[in-house]
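**Q** First the structure, then my questions, so here it is.
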Amino acid sequence: MYIQLPKEQKDQIIEEIQRFFLQEKGDDLGIIAAENIFSFFMEELGPILYNQGVKDAKKLIIQHLLNIEDDIASLERPMRRNR
């Protein structure tokens, strides 16, 4: 598994999976089944979501660097021409 979550967060997600199955399907999902579903999604979706987050962060950083470049360029003073 690529992404490691704190135990408290993992436990909360597993409870949400159980709650979802109970509300949507009317099934009382056991802890082992919920953990298996959690593991499946973490292994299958975790890398996809992580990589998308990296791409989003890269795009944001590039945009900030472009803004900084514009800000720095605006600080430049015109040079006097030689007479």
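**Q** Round to the nearest 10 and give me the degree value, 0 to 90, for the angle of helix 31-75's Cα axis relative to the longest principal axis of the chain.
**A** Roughly 10 degrees between the two axes.
**Q** Put +1 on the Cβ of each Lys and Arg and -1 on the Cβ of each Asp and Glu in the range 1-66; which of Leu22, Gln9, Leu66 then has its Cα farthest toward the positive end of the dipole?
**A** It is Leu66, whose Cα lies furthest towards the positive end.
**Q** Now, a different point. When a/c reaches 1.5 or more, the comparison of a/b and b/c decides; with that in mind, is the chain rounded, prolate or oblate per its Cα gyration tensor?
**A** prolate
**Q** Find the lysine pairs in the chain meeting two conditions, Cα atoms under 30 Å apart and a separation of 8 or more places or different chains, and report how many there are.
**A** Going through the chain pair by pair, I get 7.
**Q** Per residue, what accessible area does the chain have, given a 1.4 Å probe and all protein chains present, in Å²?
**A** Per residue, the chain has an accessible area of 94 Å².
**Q** Calculate the FRET efficiency for Ser74 and Gln52 from the Cβ-Cβ distance with a Förster distance of 30 Å, rounded to the nearest 0.05. Mind dumping the intermediate values first?
**A** On the way: r = 33 Å, r/R0 = 1.11.
Efficiency computed from Cβ-Cβ geometry: 0.35.
**Q** Under the 0.36 nm per residue contour assumption, what length would be gained going from the current alpha-carbon distance of Asn67 and Gln23 to full extension?
**A** That pair, Asn67 and Gln23, stretches by 11.1 nm at full extension.
**Q** Work out the length of the dipole vector of the chain about its Cα centre, built from +1 on the beta-carbon of each Lys and Arg and -1 on the beta-carbon of each Asp and Glu, and round it to the nearest 20 debye. Please list the in-between numbers first.
**A** Numbers: 11 positive and 15 negative charges, 224 e Å.
So the dipole magnitude of the chain works out to roughly 1080 debye.
The values are calculated or read from the model by the stated rules, or taken from the named source; none is laboratory data. The model shown is predicted, which means the values in this text are computed figures rather than measured ones. Every residue, glycine as well, gets a Cβ built from its backbone with ideal geometry; the counts of neighbours run over all protein chains shown. Note: accessible area is taken over every heavy atom of the protein model, side chains too, but ligands, DNA and RNA are not part of it. Shrake-Rupley method; radii C 1.70, N 1.55, O 1.52, S 1.80 Å.
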